[in-house]
1. Check ILE88, ILE110 and return the single one that is part of a helix (DSSP H, G or I), β-branched (Val, Ile, Thr) and within 26 Å of the chain's Cα centre (by Cα).
2. What are the pairs with Cβ atoms under 7 angstrom where one residue, in region 49-68, is assigned to a helix (DSSP H, G or I) and the other, located anywhere, is of a type in the set (Lys, Arg)? Sequence gap at least six, or different chains.
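What follows is calculated from the coordinates using simple rules that are stated; it is not laboratory data. Everything numeric in this text was worked out from a predicted model, so none of it was measured. All Cβ positions, even for glycine, are placed from backbone atoms using ideal geometry, and neighbour counts span all protein chains on display.
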Amino acid sequence: MKNFLQHLLIILALGLCGLCTWQWHDQVQQHRMLTALSQTIANQTAEIQRATNSVAVLDQQLVQMDARLTELRSTLQSNRTEFTTGHIENQRLTSALTQANENIRQQNEILKTVASQRDAFLQRLNQAIEDRNAVVAKYNALVKQTEEVRQPRPQSETADKK
């Protein structure tokens, strides 16, 4: 029985060693799994933090873009108002330009008429001046003839006195 108990003790000791070894091996595996899970949790936490930061940045960008969109809408409305005002002003100026062109055309016609009347008047004036110059030339010729007739002749004066 002593052998049996010794063998039983050895078997139990070896069983206990095997159990300890198996438990140690199992705890190492669990520790590795726990480390891997802790690393996964840390990675996911970091990823969540980056996503949260990214969402915060995107929220800020969204607020800025919304403000910019509001500003652009305001500018668009202002531009539409200015465009409408400019279009109305353009129509008014086009109408005024058309009227001014019509006035210029009428003035050009009046100037042509006045120029033709002036030319006709100048022709009549030139003709009258030529006629007067001809009369003056005839008058001068008559004056010259009269002076020649009035001037005493040297022989006839001396002969008349004797």
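1. Details: ILE110 fails: within 26 Å of the chain's Cα centre (by Cα).
The match here is ILE88.
2. Listed pairs, sorted by first residue: none to list.
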